[in-house]
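Here the structure comes first, spelled out in structure tokens, and everything after it is commentary.
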Amino acid sequence: MYTEKVMKHFKEPKNFGEIEDADGVGEVGNPKCGDMMYCYIKVRKNIIEDIKIKTFGCVSAIATSSMMTEMAKGMTLEEAEKLTRDEVAEALEGLPPIKMHCSNLAVDALHRAILDYKNKSKSKEK
Amino acid sequence: MPGERKMIYLDNGATTKVDERVLDEMIPYFTEHYGNPSSIYSFSKKPRQAIEKARKIISGKLNANPDEIILTSGGSETDNLALRGAAIYAKNNGKTHIITTVIEHHAILNTCRALEKEGFSVTYLKVDNEGFINLDELEKAIRDDTFLVSIMHANNEIGTIQDISAIGKLCRGKRVYFHTDAVQSFTKVPIDVVEMNIDMLSIASHKIHGPKGVGALYLRKGVRIANLITGGSQENNRRAGTENVPGIAGFGKAVELAKPEHIEKMIKLRDYMIKQIEDSIPDAKLNGPRQKRLCNNINIGFRYIEGEGILMSLDMEGICVSTGSACSSKSLDPSHVLMSLGLKHEEVHGSIRFTISRFTEKEEIDFTVEKLKGIIEHLRKLSPLTPR
């Protein structure tokens, strides 16, 4: 049911963990629905210099988390904001239709981390 | 590398390997004695005898009479026949209420839901945190228009064995029919339909090292139900269709091969596996009871992680298991059985069912637990829920 690419990312997930002094943190999902993600970003000169993620969820949730972080790393904030779940799913050579929700979450976690970073920057300016 | 190592099959609750001796029993009925059992020439005598031999073995195991066994295509058809057959008959007599439980197999639950749409009312009894029903609640639920109580013998997910003797006695006293889905328990828990006051009972061949596509309904003499499959006069006019002769012969052989000492062997191995997991993996909790538990069922909730990941990781090691997690089901619904025990969603998501068979070896359990330790540790490192 899963592509080889999905299984590869599930087996050896990239960028898992936390960033202690993260510039932005995004949290999505809840354990009730079976998926939960924490995304941490480090931003330098408007570029996502480092990204880490922690995921509670199925094979697809772990694989999309890994894929999303690989894609987002090195992107400008604007580019990362435009990253979509379809792009993540495509990069994994497809997901079972019922699992599209999981990839949605990984991208949402990233977008929330960026929002968190922006909010923090604003309050610093003030 | 995958394919090189022997596969370890720990999903015997889903289906089982056909015993070689069962297969040997079946083969002649494909190419040699292939006559239609209903034909009257002598060529059809052998297949006819094969069916009656199997019927005798099956009925003997239940302490029933051979003519109380209706052979079917499996567990789901049998459950449908019992419920719908009884329902059609009861409706003609003005009775429309069924009592069942929230932890039944979908063959019962979805049939009950369908019957509700057809005008029947159904009471779904709740269970305690180990999956047992309350006998007083059952008694209170029985009404004047109740015609059937259907309560499974042993649960397929958590192995809870209901006290069907007490349920049978209560139903007989109240003059309500008692059906039990014994698909998981047959040959694994002793059953005596007379002693236990059972009116109808469902069993299936492929759960006991017999072939798929064969099952049977025990229908106590005197109990009236309507036919579901109409046509020829097979099965004493109760289930039409040319008999699956090789399958039925195999089913009979499978029953004959099931021995009480297999139960003892499985209980020891089951308890050994539970202990190994509990001793070596933190925050792993047994779902279901420790006593009155099916001899081949182990169901463990691993906290902070999700079951599909565990299942797929075990699969990469050549180990087959199942999970109650929503993420692995086509519907994305978590196990209705585990939810009904009062577990939290995240506890249900991380649950894995291991079901052993009489062929399971201790070495296979040791290998599985060893791999499991690493898998659980790895997945917990990825999860934000794991306490630091």
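Read-outs throughout are calculated quantities, based only on the coordinates presented, and are distinct from any laboratory measurement. Fair warning: this is a prediction, and the values are worked out from it, not measured in the lab. Here Cβ is always computed from backbone atoms with ideal geometry, including for glycine, and neighbour counts include all displayed protein chains.
Computed values, structure above
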{"quantity": "Calculated FRET efficiency for the pair B:Phe43/B:Asp128, C-beta based, R₀ 45 Å, to 0.05", "calculated": "0.20"}
{"quantity": "Shape of the stretch B:1-131, Cα gyration tensor, a/c cut at 1.5", "calculated": "oblate"}
{"quantity": "Antiparallel content of DSSP bridges confined to the stretch B:158-235, in %, to 5", "calculated": "55"}
{"quantity": "For B:Arg303, residues with placed amide H under 5 Å, excluding near neighbours", "calculated": "B:Lys285"}
{"quantity": "Total formal charge among the other residues, if their Cβ is under 10 angstrom from that of B:Ile151, Lys/Arg +1 and Asp/Glu -1", "calculated": "-3"}
{"quantity": "Between 0 and 90°, nearest 10: helix A:100-125 axis offset from chain A longest Cα axis", "calculated": "10"}
{"quantity": "Mean projected area in nm² (Cα convex hull; one quarter of hull surface) for the stretch B:20-257", "calculated": "12.5"}
{"quantity": "HN-Hα J in Hz across the stretch A:2-16 - Karplus 6.51, -1.76, 1.60, θ = phi - 60°, x for Gly and Pro", "calculated": "9, 6, 4, 5, 4, 5, 5, 5, 5, 5, 10, x, 9, 6, 8"}
{"quantity": "Residues B:Lys140 and B:Tyr272, FRET efficiency given R0 of 41 Å [Cβ-Cβ distance, rounded to 0.05]", "calculated": "0.50"}
{"quantity": "Furthest towards positive pole of dipole, B:Met200, B:Ser42, B:Gly210, structure part the stretch B:20-257, Cβ charges", "calculated": "B:Ser42"}
{"quantity": "Selected from B:Ile229, B:Thr111, B:Val337, residue furthest toward positive end of dipole (the protein assembly as shown; charges at beta carbon)", "calculated": "B:Ile229"}
{"quantity": "Percent of beta bridges antiparallel (DSSP, the stretch B:20-257, rounded to nearest 5)", "calculated": "40"}
{"quantity": "Sum of -39500 (n - 2.57) over DSSP H runs of 4+, divided by residues of chain A (222 nm, nearest 500)", "calculated": "-15000 deg cm²/dmol"}
{"quantity": "Placed amide H near B:Thr72: partners under 5 Å, 5+ positions off or other chain", "calculated": "B:Gly215, B:Ala216, B:Leu217"}
{"quantity": "Share, in percent, of DSSP beta bridges within the protein assembly as shown that are antiparallel, nearest 5", "calculated": "65"}
{"quantity": "Cα-based helix-to-principal-axis angle, B:75-91 vs chain B, degrees rounded to 10", "calculated": "50"}
{"quantity": "Estimated vicinal HN-Hα couplings, Hz - the stretch B:218-223 in sequence order (Karplus 6.51, -1.76, 1.60; Gly, Pro = x)", "calculated": "7, 10, 4, 4, x, 7"}
{"quantity": "Size of charge dipole - chain B - debye, nearest 20, with Cβ of Lys, Arg +1 and Asp, Glu -1, no other charges", "calculated": "780"}
{"quantity": "Cα gyration tensor, chain A - rounded (a/c under 1.5), prolate or oblate", "calculated": "prolate"}
{"quantity": "Part-to-part distance (alpha-carbon centres) for the stretch B:143-188 and the stretch A:1-20, which is given in Å", "calculated": "46"}
{"quantity": "Between helix B:362-382 and chain B: long-axis angle, C-alpha atoms, 0 to 90°, nearest 10", "calculated": "60"}
{"quantity": "Karplus-derived HN-Hα couplings along the stretch B:234-250 (A = 6.51, B = -1.76, C = 1.60, θ = phi - 60°), whole Hz, x at Gly and Pro", "calculated": "4, 6, 6, 6, 10, 7, 6, x, 4, 5, 7, 4, x, x, 5, 4, x"}
{"quantity": "Residue-averaged [θ]222 nm for chain B, counting only DSSP H segments that reach four residues, each worth -39500 (n - 2.57)", "calculated": "-12000 deg cm²/dmol"}
{"quantity": "Rounded FRET efficiency, nearest 0.05, which uses the C-beta distance separating B:Asp283 from B:Glu361 and R0 of 22 Å", "calculated": "0.20"}
{"quantity": "Mean-position separation - Cα centroids, the stretch B:6-66 and the stretch A:26-79, in angstrom", "calculated": "56"}
{"quantity": "Alpha-carbon centroid distance for the pair the stretch B:351-376 / the stretch B:74-135, whole angstrom", "calculated": "35"}
{"quantity": "Amide H contacts under 5 Å for B:His209, placed H, 5+ residues apart", "calculated": "B:Thr16"}
{"quantity": "Magnitude of the charge dipole, the protein assembly as shown, Cβ model with Lys/Arg +1 and Asp/Glu -1, debye to 20", "calculated": "960"}
{"quantity": "Hydrodynamic radius of the protein assembly as shown per Kirkwood, over alpha carbon pairs, in Å", "calculated": "25.3"}
